[in-house]
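Undergrad: Here you go, one structure.
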Amino acid sequence: MVGGDHRLAAQERASIPDEAWQWAERALVHIRVLAEEIGPRPSTGVGERRAADYAASIWRQAGLLTSIEPFRSGRSTYRPYALAFAAGLVGTVVWAVEPGRLRALLASALNGLGAWAFLCETEFRDHWARRLAPHGQSQNVVAVVPPTGPVRQRVVIYGHLDTHRTPVFYSSPRWLRAFSGLVGVSFLSLIANTVGFGRAAWRGRSPLPFWLLPATGMQLFALAMTLHADRTPYTPGANDNASGAASVLALGERLVRQPLNGTEVWVVANGCEEVGAYGIAAFLEQHRDALHNAVFIDLDMVGIGFPTLLLREGLLLPARPDRSVLALARKVAAHYPGWLGGEHRGGAYTDTGVVVRRGFRGLTIDSQLPTGHPAVPYMGYWHQQSDTVDKIELPCLARVHAFVWAMLQAIDEMADGA
């Protein structure tokens with residue numbers, strides 16, 4: 001069994017349908033191709049494009065009408081932040097060379113521009129730093145599984161194909177805690193210098209050093225971290241997120257054989273989640289009218305531990321799943337105890353952050369590690385070179401498949417009763 005010694009007791013294994021195990025095995029085949037044969041899949045890169053071609057070939061072989069939808073995307077998740085910090089630091093240097101009211105006003109404006117870019121980037125909104133950062137061509141793979149009867153409801157199941165870099169702040173829990181704190185503090189440093197230099201310009205006095213020095217130091221450190229991150233290698237991404245994309249591939253294949261009665265299911269293997277969720281944003285923009293009332297289910301890092309419902313995400317401002325979709329997921333979880341490992345709050349983001357911010361009904365299913373799991377010190381190998389196929393656990397894939405399949409049946413029953 002992949003994943004080592006985490007075997008289920010006989011009665012626990014029996015609680016998961018045999019078909020879920022079979023399709024989990026199929027998902028594992030896809031994970032091997034994505035993470036081993038293709039390997040790292042940088043956003044807008046060759047690996048991501050090869051992964052998209054593979055996903056399209058799988059669904060076309062299954063008989064699905066499949067399209068590859070191109071879009072433009074940023075190539076780095078860190079470059080917009082680096083530009084934001086650079087703007088603030090340039091303003092501070094301009095003032096420091098020859099302090100004065102006009103230069104203090106310029107320093108305030110440049111720090112304000114940095115803070116604006118920082119906030120917009122965490123909210124996946126367009127801004128000046130995104131436009132200055134390097135861009136490239138990416139693609140979403142989209143297939144539609146029609147129901148056996150009239151379409152009464154639509155569901156979108158999606159998982160991203162691209163993989164992340166491996167900066168030092170993902171190397172240990174201690175580093176990750178420091179990084180999580182850095183996000184908020186670095187944003188506050190831009191706000192502090194905006195206000196401080198603005199106050200100095202208004203009063204004609206020099207900024208107070210007790211906040212200017214630490215705020216500027218924090219910006220220097222944050223800039224160094226972003227530049228470092230953009231020079232690290234990419235992870236093979238078996239769990240993040242070959243596991244999610246592969247599970248979506250297998251669900252699409254199964255739906256061809258077992259379509260729903262009144263629910264049309266869109267399966268999407270999207271690009272460029274890791275650099276700011278460009279792929280899902282492009283998908284929503286292109287299909288807004290058709291999917292305005294659809295249910296969106298994101299599968300992200302579902303290969304190790306136990307599947308869980310993500311209750312909150314966001315780097316600065318929180319985003320939460322749609323209440324009706326969450327209520328349905330909880331109802332299904334109560335009906336099938338043992339399939340989920342519970343619920344939790346995340347500290348970063350998934351594609352669902354864009355989905356709910358754009359007014360759609362979305363929910364993310366990911367996985368968490370139980371106490372004592374050997375991957376706990378490595379955070380599930382998140383954004384690390386050790387995120388390889390040998391860590392993937394078939395029971396987790398089976399639970400995910402069974403749970404999503406049960407959700408689809410529940411949604412279809414509700415559509416039939418409408």
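The values are calculated or read from the model by the stated rules, or taken from the named source; none is laboratory data. None of the values given here were measured: they were computed from a predicted structure. FYI the Cβ positions are ideal-geometry reconstructions off the backbone, even for glycines, and counts take in every protein chain you see. The protein model used for the area step is the full one, side chains on, heavy atoms only, and it has no ligands, DNA or RNA in it. Shrake-Rupley method; radii C 1.70, N 1.55, O 1.52, S 1.80 Å.
Undergrad: Per residue, what accessible area does the chain have, given a 1.4 Å probe and all protein chains present, in Å²?
TA: On the way: 17240 Å² over 418 residues.
For the chain, the solvent-accessible area averages 41 Å² per residue.
Undergrad: What part of the accessible area of the chain, given as a whole %, is carbon or sulfur when the probe is 1.4 angstrom?
TA: On the way: 9980 of 17240 Å².
Carbon and sulfur atoms account for 58 percent of the accessible area of the chain.
Undergrad: What's the magnitude of the charge dipole for region 1-145 around its Cα centre, counting Lys and Arg as +1 and Asp and Glu as -1 at the beta-carbon? Answer in Debye, nearest 20.
TA: The calculated dipole for region 1-145 is roughly 620 debye.
Undergrad: Sort region 324-407 into rounded, prolate or oblate with this rule: let a ≥ b ≥ c be the square roots of the eigenvalues of the Cα gyration tensor; rounded if a/c is under 1.5, and if a/c is not under 1.5, prolate when a/b is larger than b/c, oblate otherwise. Can you show the working numbers first?
TA: Details: a/c = 2.08, a/b = 1.30, b/c = 1.60.
Verdict is oblate for region 324-407.
Undergrad: Considering the chain as a Gaussian network with a 10 Å cut-off on Cα pairs, which listed residue, Ala200, Ala277, Ala398, attains the greatest mean-square fluctuation?
TA: Between Ala200, Ala277, Ala398, it is Ala200 that shows the largest mean-square fluctuation.
Undergrad: Report the semi-axes of the equivalent ellipsoid for region 141-273 in whole Å, largest first, where each axis is √(5λ) for an eigenvalue λ of the Cα gyration tensor.
TA: Values: eigenvalues 469, 83, 20 Å².
Equivalent ellipsoid semi-axes, largest first: 48, 20, 10 Å.
Undergrad: Could you tell me whether region 232-343 comes out rounded, prolate or oblate from its Cα gyration tensor? Rule is a ≥ b ≥ c as square roots of the eigenvalues, rounded for a/c under 1.5, then prolate if a/b exceeds b/c, otherwise oblate. List each step's numbers first, then the result.
TA: On the way: a/c = 1.23, a/b = 1.10, b/c = 1.11.
It is rounded, given that a/c, with a ≥ b ≥ c, falls under 1.5.
Undergrad: For region 358-418, what value does the Rg/Rh ratio take when both radii are computed over Cα atoms and Rh is the Kirkwood radius, given to two decimals? If you can, show how the numbers build up before the last one.
TA: Values: Rg = 16.2 Å, Rh = 14.4 Å.
The Rg/Rh ratio comes out at 1.12.
Undergrad: Among [x] 35, 27, 22; [y] 42, 22, 19; [z] 30, 25, 20, which one is semi-axes √(5λ) of the Cα gyration tensor in Å computed from these coordinates?
TA: [y]
Undergrad: Kirkwood-based Rg over Rh for region 5-145 (C-alpha set), two decimals?
TA: On the way: Rg = 23.9 Å, Rh = 19.4 Å.
That ratio is 1.24, to two decimals.
Undergrad: While we're on this one: Could you tell me which residue out of Val94, Val141, Cys120 lies farthest along the dipole of region 11-149 toward its positive end? Charges go on the beta carbon: Lys and Arg +1, Asp and Glu -1, centred on the Cα centre.
TA: Val94
Undergrad: Taking square-rooted eigenvalues a ≥ b ≥ c of the alpha carbon gyration tensor, is region 80-207 rounded, prolate or oblate, where a/c under 1.5 means rounded and, failing that, a/b exceeding b/c means prolate?
TA: Here region 80-207 falls in the prolate category.
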